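Only one structure is covered here, and it is reproduced in the block below.
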Amino acid sequence: MEANFWHDMWASGVVGFHQADINEYLKSHWPKLQLEGDEKVLVPLCGKTLDMLWLAQQGHAVLGIELSPKALEEFLAENNLQAEAIQQANHCGYKMPDMTLLCGDFFHLTAEQCQDIKLVYDRAALVALPEKMRQDYVSHLQAILPAKTQYLLVTMEYDQSKMPGPPFSVSEQEVRSLFEPFAKVTKVEEKPFSRKGVDALEKVFIINS
Ligand SMILES: C[S@@+](CC[C@H](N)C(=O)[O-])C[C@H]1O[C@@H](n2cnc3c(N)ncnc32)[C@H](O)[C@@H]1O
């Protein structure tokens, strides 16, 4: 999607993907990762997800990256968080003791900015991107993240002819062809649900690079 699509959505105030509660898959599957507890987690295309707060509460340092300044401002305001404004080469953002929120394009994130990342939490990031951008997204992750990064990935599958994205339908086969060239992909949950009257499946993967 073009950046303006997302800026317009945030400006409209209608962000249907935002969850008022912590994601259930995060809570149930995160403990299955090989964790020491204080590893740094990358949350790509983070929006204003409360899942970042949960990850910080588990003891992790969190690095969120988000295109929309409004999303990050709302995250801070709605959670009564005080943060120091920061400026990095390609991104502005905010710094808190346990969390850094970068504002700008995920595709401009560098290996230097991600040198301490051990884990990735992807909910509604891969599936937010159209097919032609998904390979670039995964290739960029692979390029900037250290070896042995672990991912928790939540996707959804449905008949794309019945509904436009985002969120886009991303098949398990596509997840495997994107990640298996450099990582081990394990599906840990699959759950049917209905999205706008269309049958869909949510799938959760643990990926070890
Ligand atoms: C579907 S939302 C998901 C947000 C969050 N992961 C959640 O679960 O609520 C996708 C987010 O990605 C952001 N986004 C889209 N393209 C981006 C890019 N190239 N770089 C950084 N953020 C991007 C959008 O502004 C939007 O907030």
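A few points about this structure:
- In the chain, the portion of solvent-accessible area held by carbon and sulfur atoms comes to 50 percent [1.4 Å probe, whole percent, DNA, RNA and ligands not counted].
- Within straight-line cross-link reach of K162, lysines at Cα separation under 26 Å, skipping those fewer than 8 residues along the same chain: K132, K187, K191, K196, K203
- 13 Å tail of the calculated P(r), the range 161-209, as % of Cα pairs: 62
- Pairwise Cα distances in the range 38-110 exceed 14 Å for 54 percent of all pairs.
- In the chain, excluding the sites themselves, the longest stretch lacking any of the GluC sites (Glu not before Pro) that are in a DSSP loop with at most 11 other Cβ atoms within 10 Å is 113-209.
- Separation of the range 10-68 from the range 92-151 is 12 Å, based on Cα centroids.
- Once backbone amide H atoms are built at 1.01 Å from N, C92 has C103 as its partners under 5 Å, excluding neighbours fewer than 5 places away on the same chain.
- Potential extension, M1-R176 segment - 0.36 nm per residue separation minus Cα distance: 60.7 nm
- Multiplying each eigenvalue of the alpha-carbon gyration tensor of the chain by 5 and taking the square root yields semi-axes of 24, 21, 17 Å, largest first, rounded to whole angstroms.
- Rounded accessible area per residue of the chain, 1.4 Å, Å²: 49
- Its Cα centre serving as origin, the range 38-110 has a Cβ charge dipole (Lys and Arg +1, Asp and Glu -1) of approximately 100 debye.
The values are calculated or read from the model by the stated rules, or taken from the named source; none is laboratory data. Remember, it's a predicted structure, so these values are computed and weren't measured experimentally. Cβ: placed from backbone, ideal geometry, glycine included. Neighbour counts: every protein chain shown. When the accessible area is computed, the model is the full protein with side chains, heavy atoms only, and any ligands, DNA or RNA have been set aside. Shrake-Rupley method; radii C 1.70, N 1.55, O 1.52, S 1.80 Å.
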